[in-house]
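The values are calculated or read from the model by the stated rules, or taken from the named source; none is laboratory data. Computed from a predicted structure; not experimentally measured. Ideal geometry is used to build each Cβ from the backbone, glycine not excepted, and the neighbour counts take in all protein chains shown. The protein model used for the area step is the full one, side chains on, heavy atoms only, and it has no ligands, DNA or RNA in it. Shrake-Rupley method; radii C 1.70, N 1.55, O 1.52, S 1.80 Å.
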Amino acid sequence: LQGISWGAHLMDVAQAHLDAGHRRTAATTLLEARSVSPVWFRHQRVARQVTEDIREAETRLTPATRALVKALDLA
């Protein structure tokens, strides 16, 4: 897979990690998806939902989660 298709795949993988309870891996995978195209990533509903779920579950935000919140403008 290349480009945006790879980013979409990574977001699906991040959702699967979150469903399995692996928040840190989900966040890392989302950051990798963001590296494909930051502008495209900012508009993805799956990325927003997974990031919001991670943020709700964390009592203190990790640097990865902070970076995702900032990238998605979820402040």
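Using θ = phi - 60° in the Karplus curve 6.51 cos²θ - 1.76 cosθ + 1.60, the 3J(HN,Hα) couplings for region 49-65 round to 5, 5, 5, 4, 5, 5, 4, 5, 7, 8, 7, 10, 5, 6, x, 5, 5 Hz; x is entered for Gly and Pro. The Rg/Rh ratio for the chain is 0.93, where Rg is the radius of gyration of the alpha carbons and Rh is the Kirkwood radius.
What the chain shows is 63 Å² of accessible area per residue, with the surface traced by a 1.4 Å probe over protein heavy atoms.
Counting only DSSP H runs of at least 4 residues, each contributing -39500 (n - 2.57), and dividing by the residue count of the chain, the helix-based mean residue ellipticity at 222 nm comes to -24000 deg cm²/dmol.
If you wrap a convex hull around the alpha carbons of region 6-47, what volume per residue comes out, as a whole number of Å³?
Values: hull volume 2.1 nm³, N = 42.
Measuring per residue, one finds 49 Å³ for the Cα hull of region 6-47.
Within a Cβ distance under 9 Å of Thr62, other residues only, what is the Lys/Arg minus Asp/Glu net charge? Around Thr62, the charge tally is +3.
If I compute solvent accessible area with a 1.4 Å probe over the protein chains, what percent of it on the chain is carbon and sulfur?
Working: 2330 of 4700 Å².
Carbon and sulfur together cover 50 percent of it.
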